[in-house]
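First comes the structure, then the notes that go with it.
Where a number appears in this text, it was derived from the coordinates with a stated rule and is not lab data. The structure presented is a predicted model; accordingly, all values stated were derived computationally and were not measured. Here Cβ is always computed from backbone atoms with ideal geometry, including for glycine, and neighbour counts include all displayed protein chains.
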Amino acid sequence: MSDLTIRPAAAEDVAAIVAMLADDVLGATRESPDDLEPYLTAFAVIDADPHQTLVVAERAGSIVGTLQLTILPGLSRRATTRALVEAVRVSSSERGSGLGTELLRWAIDEARRRGCRLVQLTTDRARTDAHRFYESLGFEATHIGYKLAL
């Protein structure tokens with residue numbers, strides 16, 4: 001994928017990122033691409049936080065993928081610093097191209113570079129294709145996750 005660039009996201013990329021977040025069965029019910037204001041506000045907070053890295057994958061001038069990497073210092077596991085991968089999305093035109101693998105490998109390498117000893121992520125139970133994908137990269141389903149809507 002030599003024509004692919006993975007770079008920090010900019011405010012100008014937010015519309016394309018939100019479009020990818022909304023472009024699946026689950027995202028279509030919880031994202032609002034017609035109102036970018038809350039996303040731009042969130043982007044400013046993410047961009048200002050040194051523990052957050054929001055990236056986009058760009059090919060031929062088009063945003064074709066994204067993910068957010070959060071660095072979590074902690075005391076458990078002998079003071080292990082973890083990396084949390086969130087909101088992995090690949091443009092529908094790029095699915096199956098290997099782009100998701102490139103994004104996750106970038107995240108793993110960046111986590112290692114930043115001193116993390118563990119990379120973790122969550123994925124919706126309904127995303128069975130994503131489960132197979134993450135397992136193919138060596139991730140293991142070791143925990144049960146819970147959420148509480150506020």
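For segment 84-150, the list of trypsin sites (Lys or Arg not before Pro) that fall in a loop by DSSP and count at most 10 other C-beta atoms within 10 angstrom reads 125, 147.
Residues in segment 130-144 carry Karplus couplings, in order, of 5, 4, 4, 4, 5, 5, 5, 8, x, 6, 10, 7, 9, 10, 10 Hz; the curve used is 6.51 cos²θ - 1.76 cosθ + 1.60 with θ = phi - 60°, and Gly or Pro positions show x.
Pick from 57, 44, 87: which is most flexible by mean-square fluctuation in a GNM of the chain where alpha carbon atoms under 10 Å apart are linked? Among 57, 44, 87, the largest GNM mean-square fluctuation belongs to 44. Computed over all pairs of different Cα atoms, the Kirkwood value for the hydrodynamic radius of the chain is 16.3 Å. Less than 5 angstrom separates the built amide H of residue 9 from those of 54, 55, 56, all sequence-distant by 5 or more or on a different chain.
I'd like the distance separating the alpha-carbon centroids of segment 96-150 and segment 1-46, in whole Å. Taking the Cα centre of each part, segment 96-150 and segment 1-46 sit 18 Å apart.
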